[in-house]
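Read-outs: derived from the displayed coordinates by stated rules, not from any lab. Because the structure is a prediction, the values reported are computed rather than measured. As a convention, Cβ positions derive from the backbone with ideal geometry for all residues, glycine included, and neighbour counts pool all protein chains shown.
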Amino acid sequence: GAVVSQHPSRVICKSGTSVKIECRSLDFQATTMFWYRQFPKQSLMLMATSNEGSKATYEQGVEKDKFLINHASLTLSTLTVTSAHPEDSSFYICSARAPGRGNSPLHFGNGTRLTVT
Amino acid sequence: QKEVEQNSGPLSVPEGAIASLNCTYSDRGSQSFFWYRQYSGKSPELIMFIYSNGDKEDGRFTAQLNKASQYVSLLIRDSQPSDSATYLCAVNDPYDKVIFGPGTSLSVIP
């Protein structure tokens, strides 16, 4: 149980374009999903918390107008990187908590490797 | 500043040995603690979670938690080459966010 699916797994785009990444909880409902970013040789950095039916909560230093998050249903959250630049190239990973107690572990999607040329 | 710290490694152990991975955290109000394994180019995979002081065992893995010392560890018994990966310590802070440490790279030598 607690399967999280992320799509696409890899995307290459040109500078200035936008990219949408989808994150789905396949066998459970997730009122909250978490978006992380990981640069090479670094750990996961929390970007934002996606809340179903309300605005996302962004971490300090993350531009909300650049990284648009929509959590329109209990099983789908999307992250759109707008006007992407080469410095946005990174590994983006979504996650959701397994059902159960409030601080249960996060389960991760397979990640999206974004390359901006 | 909320932090989760780990030795970056690399930690090298021979096959069959015990690998010991350590983690400390700064927020005393943290309640839940997780160990993830991450292979290169892949997303993290949950190995263990622990909520209470003491030891928790699952197969070859044992997680240890000492909240007074703000210390979490992971022991891997009978280490295998397939255990070679980066191990991420993660802490659920009082604000319901999961904060990750920098990871420890483990290499199990056949």
### Query
What does the charge dipole of chain A about its Cα centre add up to, to the nearest 20 debye, if the Cβ of each Lys and Arg holds +1 and the Cβ of each Asp and Glu holds -1?
160 debye
### About the Cα centre, charge dipole magnitude for chain B (Lys/Arg +1, Asp/Glu -1 at Cβ), debye
100 debye
### Message
With N set to the number of residues, divide the alpha-carbon radius of gyration of the protein assembly as shown by 2.2 N^0.38 Å and report two decimals.
### Response
1.02
### Query
Got a sec to turn the phi values of the range B:8-23 into Karplus ³J(HN,Hα) couplings, 6.51 cos²θ - 1.76 cosθ + 1.60 with θ = phi - 60°, whole Hz, x for Gly and Pro?
6, x, x, 9, 10, 9, x, 3, x, 7, 9, 9, 10, 10, 10, 8
### Message
Positive end of the dipole of the range A:1-82, charges at C-beta (+1 Lys, Arg; -1 Asp, Glu), about the Cα centre: which of A:Asn51, A:Phe39, A:Leu74 has its Cα farthest in that direction?
### Response
A:Phe39
### Task
Quote the relative contact order of chain B in percent (integer), defining contacts as alpha-carbon pairs under 8 Å separated by 6+ residues.
38 percent
### Task
Mind checking which aspartates and glutamates have their Cα closer than 17 Å to the Cα of A:Lys14? Skip sequence neighbours fewer than 8 apart in that chain.
A:Glu87, A:Asp88
### GNM top mover of A:Ser89, A:Ser18, A:Ser104 - chain A, alpha-carbon springs below 10 Å
A:Ser104
### Selection from A:Ser83, B:Val98, A:Gly61 lying farthest towards where the dipole of the protein assembly as shown points positive, charges on Cβ
A:Ser83
### Query
To the nearest Å, what is the center-to-center distance of the range B:41-110 and the range A:61-117, using C-alpha atoms only?
23 Å
### Query
Can you pull out the cysteines in chain A that have no other Cys Cβ under 4.7 Å?
A:Cys13
### Using θ = phi - 60° and Karplus 6.51 cos²θ - 1.76 cosθ + 1.60, couplings along the range B:38-43 (whole Hz; Gly, Pro as x)
10, 7, 4, x, 10, 8
### Task
Work out Dmax and Rg for the range A:46-117 from the C-alpha atoms and quote the Rg first, both in angstrom.
13.0, 42
## Note on the structure
Output for chain B (equivalent-ellipsoid semi-axes, sqrt of 5λ from the C-alpha gyration tensor, Å, descending) is 23, 15, 12
